Every structure is written in C-alpha cells, then in structure tokens.
Amino acid sequence: MSHLLNGLNREQLAAVTLPPQHALILAGAGSGKTRVLTTRIAWLIATSQVTPQGILAVTFTNKAAKEMQTRLAAMLPVDTRGMWIGTFHGLCNRMLRAHHRDANLPQLFQILDSADQQAAIKRLLKSLNVDDEKFPPRELQHFINAQKEQGLRAAAVEAWDDYTRKRVDLYAAYEAQCQKEGVVDFAELLLRSYELLSRHDALRRHYQERFRYILVDEFQDTNVLQYKWLKLLTGPEATLFAVGDDDQSIYAFRGAEVGNMRDFEREYKVANVIRLEQNYRSHGNILDAANAIIKNNEKRLGKNLWTEAGAGEPIRVFEAGSDGEEARWIVEEIKALVRDGHARAEIALLYRSNAQSRILEHTLFSAGIPYRVYGGLRFFERQEIKHALAYLRLIANTDDDTAFARVVNFPTRGIGARSIENLQDAAKAAGSSLFAAIPQVPGKGGASLAAFAGLIGKMKEASSLPLPELVDHVVELSGLREHYKNEKEGQDRLANLDELVNAATNFVAEEGRVGEEGELSGDLASFLAHAALEAGEHQAGEGDDALQLMTVHSAKGLEFNVVFISGIEEGLFPHENAILEADGVEEERRLMYVAVTRARQRLYLSFAQTRMLHGQTRYNLPSRFIEEIPEGLLKWLTPKAGKGGFAYGAQSPAWDEPVRAQPASRGGGFRIGQTVEHAKFGVGVIVNAEGGGNDARVQVNFGAAGMKWLALSVAKLTPL
C-alpha cells in the first residue's frame with residue numbers, strides 16, 4: 001500500500017483509510033481533495049474491500065471525472081472505463097439508457113441541450129398561440145428547470161396566481177411534447193432517474209446492493225434533487241463519502257443547497273468529520289486573510305487553513321480615485337510583473353460582475369496586452385451588447401443588412417420567418433437593402449416591418465443627442481432593457497447595457513467630438529468602429545501567453561501565481577442585491593474567500609472611490625471584506641482612508657450597513673451633494689445618506705483632508 005499512501009498528511013491519510021462508515025470530508029481550498037478522493041477509491045480496491053464495479057463516484061464536471069479516471073488508471077492496473085465515475089447528468093443518462101422501458105423512454109431517446117430546450121419551448125408557445133412576450137421562452141425555461149430541480153412535476157407545483165397557473169400549464173404541455181418526441185432535457189435526466197429509483201423497488205435494491213461505496217465531489221454544490229437521488233442509492237450496507245467545502249458554496253443562484261452538508265451530517269449521524277486544513281497552494285498571508293474573512297460567516301462548519309510554505313508577501317491594496325484610474329494602475333502593475341519574469345498566463349484579473357470587464361478590457365486593449373476572457377465572452381462580443389450595437393449601426397446606416405437581420409425581430413415583435421423571406425425576395429428583386437425594401441412587403445408582415453422601420457426612424461431623430469444619451473435612448477426605445485428584465489440572468493445583461501453607456505461616455509471623454517454639431521453623430525460612427533476593433537483584437541489564441549480575465553464564479557477550481565481582485569466596494573462586492581437578501585452577504589463572503597484563495601504567491605486588492613454607472617458617477621465605500629482582513633497582513637500602496645485612527649465606520653460603529661447615493665433629498669435639513677464642515681476634517685460633500693434628523697447617518701467625502709471617506713452622524717456636521 002505504500003506507493004498509494006506515501007506523501008499523504010495525517011488528515012488525508014485518515015480520510016483515505018476510513019473504515020466503511022459514512023464520512024464528511026471538509027476539504028479547504030488547495031488541500032488536495034482530488035488526491036484524497038482518487039486515493040480513497042484506489043485504496044478500497046487495492047485492499048479488496050470492493051471491486052471496481054461496486055463504486056459510484058460523482059463529480060460536477062466532465063473534466064473532473066476524466067482527471068479522476070486518469071489518476072486511478074495510473075495508480076491501479078484496472079480498466080476505469082467501465083466504472084461508474086461521472087457527473088450527475090452523465091450517470092443518470094447511463095442509468096436511463098439501461099432501463100429505458102422502465103423509465104418510459106424510447107431506447108434511442110435524445111438529450112436537449114440548453115439551446116435545444118429553448119427552441120422546443122418556442123415551438124410549444126407558437127403551437128398554443130401563447131404570447132411569447134408575456135411568457136418569454138428563456139424565463140419559462142428557467143421556471144421549468146427550477147421545478148424539476150426541486151423534484152416537482154407540473155401537477156405538484158403550487159400556483160397562487162393566474163400567471164403562475166399559466167406557467168404550470170405550459171410546463172405540463174412541455175412535458176407532454178417532450179414525451180411525445182422522445183427527448184429529455186438536462187434537468188429531466190436527474191428527475192426521471194430519481195423517479196425510476198423511487199417507483200421500482202427491485203431496481204433500487206439492485207443498485208443499493210451493487211454500489212457499496214458512493215463518493216461525491218463538491219458536495220456543497222449539490223441541489224435538493226441531487227441529494228435525494230444520492231440518498232435513494234445509498235442502501236443500508238453502503239457508505240457515503242462526501243467531500244466538499246461549505247466555505248466555497250457560491251452557486252445558490254443555480255439551486256445549490258449548502259445546507260445539504262449539515263443535513264447529511266445530521267441524517268446519517270456522521271461520526272467521521274475530517275477537516276483537510278493544510279493548504280498546498282498559497283502562502284501564509286493569503287490564507288490568514290481568507291480565514292479572517294470567512295470566520296465572519298455564522299452558518300459554517302468551520303476550519304482554518306494553514307501552510308508550511310511560509311508567510312510570503314503582504315497583500316497589496318490600492319485605492320483609486322476612479323474605475324479608470326484603477327484599470328490603469330492594474331495594467332501598469334501587470335507590465336511590471338511581466339518585466340520581472342512572470343508569465344501573463346499565471347496572472348489572473350478577477351471581478352465580481354461581468355460588466356466590470358469593459359473598462360479593464362479597454363485599458364488592456366489600449367496598452368496592447370493580450371488577454372483571454374475565461375469562461376465567458378469579451379465585452380463587445382456579448383449578446384446584449386451586439387444587439388444594442390446593431391440598433392446603433394442601423395441608425396448610422398439603414399442599409400446594414402447584417403445589423404438589420406440581427407434585431408428586426410429582437411426583442412420579438414411578431415415578424416416571422418415568412419415575412420423575412422418575403423422581404424429578402426423583395427430586396428433581391430429591387431437590388432436594394434432589406435430596410436429599403438420594407439414598403440414592398442404586403443399584408444400583416446409588411447405592417448410589422450413598417451412598424452420596425454418607424455422605430456428606427458424614432459431612434460434617428462435622437463441622433464443629434466450626445467453619444468452617451470443616444471446610446472441610453474436606443475437601449476430603452478429598442479425594448480432591450482425591458483426584455484432582459486424578464487430573464488433569470490437578466491441583471492448581468494442589464495449591467496452590461498449600462499456599461500455600454502459608460503463606454504460611450506469614456507469614448508467621448510478620450511476622443512472628444514468627432515462630428516460636427518447637428519449632423520448624424522460622427523461620434524457614433526467612430527464609436528462603432530472603436531467597438532468593432534476592440535471586439536476583433538487582442539483576444540489571445542490558444543497556447544499564447546495571455547492575461548486571464550474572469551468573474552470570481554468562473555475562477556473556482558483554478559489557481560494562479562498572481563491574482564488581482566478589482567472593484568472591492570460596498571454594493572459591488574458584496575453586491576447590492578445580496579446585501580438585501582437573507583444570507584446574501586454570507587454567500588458574497590464565500591465568494592470573496594474563493595477569490596482570495598486562487599492566489600499562490602501574490603495577491604492584489606483594489607477599489608475605486610468613484611465608478612461610472614449608467615453614464616453617471618457613483619461614490620463608493622471600500623468593501624467590508626477589506627476591513628475584515630487584519631491590518632498586519634496588508635501593504636497599502638496608497639494612503640489608507642481613515643489614516644490617523646479613523647477607519648471606515650469608526651465614527652458610527654452601530655451603522656454597519658453601507659448606503660448608496662440617493663437621487664432625492666433626505667430629511668433633517670441635509671441633502672446629497674450638500675457641502676458641510678467638520679470640526680476636525682474641514683470641508684466635505686455628502687455623497688450618501690440614511691435616516692433623518694440628528695439620528696441620520698451620512699457618508700461624507702473629505703478628499704482634501706486626506707480623509708477619503710467618513711461615515712458619521714449629522715449631529716457632528718455643521719452646514720456652511
């Protein structure tokens with residue numbers, strides 16, 4: 001056994017060699033959980049406690065499953081291809097293929113991916129003459145999948161209003177359509193497999209007796225139905241070996257239920273809870289910062305990461321005056337790192353929200369630094385941005401058939417494929433653009449096309465507006481903003497559209513006016529060219545040494561020598577939506593913990609006093625997460641706000657929650673933008689406020705006094 005167990009630390013060895021009992025392995029970031037999982041499987045087989053056929057190992061990605069199989073094949077002389085190692089969806093598909101008759105499925109049933117599922121829902125709505133603006137296909141898709149992930153068929157969904165009842169009816173109709181066509185979506189794979197095991201006692205007993213050892217990776221990311229499925233498979237003689245980290249549970253928006261770990265410990269009376277706390281990735285200062293942040297979460301099982309690698313460098317903190325200044329500083333720091341021999345591929349730039357990437361990408365583009373957006377699209381390649389740009393292109397040139405085809409029926413406005421075909425025929429016959437041929441199309445389709453032409457005409461009437469106002473006007477008038485309000489991921493898309501307004505504002509600030517007053521905006525044409533150029537350049541190819549850009553969610557499971565975390569501000573990270581939700585800040589804190597623990601050697605934290613939002617300046621407080629890191633771990637690259645004994649919130653310790661700037665005046669004789677005087681810090685400007693009278697709390701910018709930010713009561717201010 002020595003070749004399997006060599007090099008394991010005490011806790012890893014204990015986990016690998018556990019007796020056949022249920023176990024919960026709390027595996028901290030960088031603690032070697034994949035090695036523990038695969039070595040546990042190899043040890044069970046090598047010691048003849050189980051055959052390869054008696055093991056079920058569940059992962060969350062195909063990549064993780066493949067890595068596990070590869071490692072096992074290197075450890076043992078066994079064929080891993082026949083073993084039940086895979087994702088939840090992959091294993092459920094395998095089970096349903098083997099028992100398709102019992103599952104009431106055709107032998108060659110097909111699987112719908114997300115795009116196929118949405119197309120099927122669109123066909124359903126059309127066949128039922130349902131208004132797809134009132135019931136958007138994407139929103140209905142999310143509703144159906146959410147019910148399935150809770151284990152609910154349409155008949156079991158409670159509906160308290162007419163709108164929900166209609167969605168439940170459409171869910172039932174969608175189920176019938178899929179059954180008729182012999183297809184299943186991803187959520188159906190798990191639900192159908194769960195129902196198969198629930199209904200067929202003999203089949204359930206067969207698998208319970210077969211799989212004596214069930215091992216689950218990333219257990220904190222399981223949803224309600226996945227946990228129920230695992231419990232059905234865990235027979236009286238089987239053991240469940242769950243590996244996860246509740247401190248890295250960041251997928252609640254996908255249905256992940258971090259409470260499954262506590263439920264598992266309670267329901268199975270788990271005696272073996274092993275904490276893997278030794279980290280093999282990061283230096284000590286980084287781990288100490290992560291521990292200090294996450295300890296503020298109340299609902300956790302608890303562990304403390306440590307390393308033998310030494311303290312390493314302090315965590316560098318930079319406070320910028322604006323988001324543009326923050327981006328420029330990051331780029332200069334990256335240039336210096338590359339000059340010092342750091343590979344760009346080992347440097348990651350993380351951000352909480354997708355929209356933040358725009359200013360960062362623009363600054364990297366201007367500096368000629370190649371980068372790659374990991375797990376997502378670059379700003380100007382994102383669907384909602386391309387839609388908005390297509391409308392702008394039509395304002396500049398109605399003969400742009402590519403732009404026309406992209407948005408003529410987006411958001412949907414009743415212009416079907418037949419109408420488009422008639423328009424294409426008319427344009428071909430006349431030798432004109434699609435837009436110019438609209439008057440030639442008769443009937444209802446022609447009327448809908450004419451209404452679209454009228455919409456573009458209204459947009460052109462506003463073309464003399466300043467570029468940022470024009471972009472904002474077009475986004476609103478096109479219906480894009482209203483459309484994305486109905487989508488599950490709509491908040492990200494809306495934030496990106498707002499960022500497009502910021503991009504226009506910055507473009508004008510950097511380039512100045514290009515066109516003459518009163519003419520169709522030369523700014524617009526130049527801005528469109530700028531967007532096209534940024535979309536087409538500096539995205540590094542595969543294998544190139546390129547900087548890695550990504551959201552913190554995308555970064556989970558990755559690690560880099562150097563990590564920048566940008567935009568660490570109240571309302572951005574933690575996100576303002578999370579601050580208002582129950583347990584929302586705890587999930588955001590877990591997200592920050594994930595971000596910090598991506599770094600091996602060097603970590604940078606940055607935030608900006610002001611950030612552009614919807615074309616307007618927004619004032620920010622540094623995130624509470626920075627305040628949660630012990631001062632001794634930090635190296636401030638700029639003078640710290642509140643230096644001289646006054647940290648954020650020091651004047652009003654009872655006021656824990658930040659307040660974002662309000663557009664209207666507040667009570668008590670003060671208002672946003674009011675100039676005030678403080679006995680110690682001099683003249684400042686109120687930028688945020690909460691409450692009224694002398695009990696009110698305000699955030700004041702004392703920039704000139706070296707005291708960047710201060711939160712204090714109105715009673716301590718004197719109006720000038």
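The values are calculated or read from the model by the stated rules, or taken from the named source; none is laboratory data. Because the structure is predicted, anything quoted here is derived from the model rather than measured. A quick note on method: Cβ atoms are made from the backbone with ideal geometry, for glycine too, and the neighbour counts reach across all protein chains shown. Calculation scope for accessible area: heavy atoms of the full protein, side chains included, ligands and nucleic acids excluded. Shrake-Rupley method; radii C 1.70, N 1.55, O 1.52, S 1.80 Å.
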**Check on H342, on the phi < 0 side of the Ramachandran plot, assigned to a loop (DSSP other than H, G, I, E, B) and modelled with pLDDT of 90 or more** = yes
**Fill in**
In region 457-471, residues that are more than 15 Å from V407 (Cβ to Cβ) and buried (at least 22 other Cβ atoms within 10 Å of the Cβ) total 3
**Asked** Does region 628-643 contain at least one residue that is assigned to a strand (DSSP E or B) and at pLDDT below 90?
**Response** no
**Asked** Could you list, in sequence order, the residues of region 75-98 that are in a loop (DSSP other than H, G, I, E, B) and either on the phi > 0 side of the Ramachandran plot or in contact with a helix residue (DSSP H, G or I) (Cβ under 6 Å, 6 or more places away or on another chain) (or both)?
**Response** L76, V78, M83
**Message:** Taking the criterion of being surrounded by fewer than 15 Cβ atoms within 10 Å (Cβ to Cβ) and under 19 Å from G244 (Cβ atoms), would at least one residue in region 301-317 satisfy it?
**Reply:** yes
**Asked** open to solvent by 10 Å² or more (accessible area, probe 1.4 Å), assigned to a helix (DSSP H, G or I), farther than 25 Å from A27 by Cα and aliphatic (A, V, I, L, M) - does that describe any residue in region 579-600?
**Response** yes
**Number of the exception - W160 against (1) at pLDDT below 95; (2) assigned to a helix (DSSP H, G or I)** = (2)
**Message:** Name the single residue that is surrounded by the fewest Cβ atoms within 10 Å (Cβ to Cβ) among those in region 320-339 being among the aliphatic types (A, V, I, L, M) and assigned to a helix (DSSP H, G or I).
**Reply:** A336
**Complete:** By residue number, the members of region 71-92 that are under 25 Å from F186 (Cβ atoms) and either modelled with pLDDT under 90 or open to solvent by less than 40 Å² (accessible area, probe 1.4 Å) (or both) are T80, R81, G82, M83, W84, I85, G86, T87, F88, G90, L91, C92
**Prompt:** Residues in region 301-315: is at least one closer than 23 Å to T638 by Cα, small (G, A, S) and touching a residue at least 60 places away in the same chain (Cβ under 8 Å)?
**Reply:** yes
**Request:** Return yes when R71 is in contact with a helix residue (DSSP H, G or I) (Cβ under 6 Å, 6 or more places away or on another chain), more than 27 Å from E195 (Cα to Cα), in contact (Cβ under 8 Å) with a residue 60 or more places away in the chain and part of a helix (DSSP H, G or I) and no when it is not.
**Result:** no
**Prompt:** Of these, Y371, Y351, which one is modelled with pLDDT under 95 and over 12 Å from A503 (Cβ atoms)?
**Reply:** Y371
**Item:** Output for region 180-198, where each listed residue is exposed (fewer than 15 other Cβ atoms within 10 Å of the Cβ) and at pLDDT below 95
**Value:** K180, E181, G182
**Message:** Checking the structure you have, find out if any residue of region 273-288 is more than 30 Å from A238 (Cα to Cα) and among the hydrophobic types (A, V, I, L, M, F, W, C).
**Reply:** yes
**Asked** L203 fails exactly one of the following numbered conditions: (1) open to solvent by less than 10 Å² (accessible area, probe 1.4 Å); (2) at pLDDT 95 or above. What is the number of that condition?
**Response** (1)
**Message:** Suppose we filter region 47-69 for residues that are of a type in the set (G, A, S) and open to solvent by 40 Å² or more (accessible area, probe 1.4 Å); how many remain?
**Reply:** 1
**Prompt:** Quick one: how many residues across region 118-141 are in a helix (DSSP H, G or I) and open to solvent by less than 40 Å² (accessible area, probe 1.4 Å)?
**Reply:** 9
**Fill in**
Within region 242-278, the residues that are modelled with pLDDT of 90 or more and more than 25 Å from P19 (Cα to Cα) are D247, Q248
**Message:** So, in region 367-398, exactly how many residues are closer than 17 Å to S566 by Cβ, assigned to a helix (DSSP H, G or I) and open to solvent by 10 Å² or more (accessible area, probe 1.4 Å)?
**Reply:** 1
**Asked** When you go through (1) assigned to a helix (DSSP H, G or I); (2) surrounded by fewer than 23 Cβ atoms within 10 Å (Cβ to Cβ) one by one for L360, which number turns out not to apply?
**Response** (2)
**Message:** So, in region 1-46, how many residues would count as being more than 21 Å from R300 (Cβ to Cβ) and not in a helix (DSSP H, G or I)?
**Reply:** 10
**Asked** So which of N496, N502, N486 is over 21 Å from F435 (Cβ atoms) and open to solvent by 30 Å² or more (accessible area, probe 1.4 Å)?
**Response** N486
**Request:** Name the single residue, out of those in region 47-67 being part of a helix (DSSP H, G or I) and free of Cβ contacts under 8 Å to residues at least 60 places away in the same chain, that is farthest from Q12 (Cα to Cα).
**Result:** N62
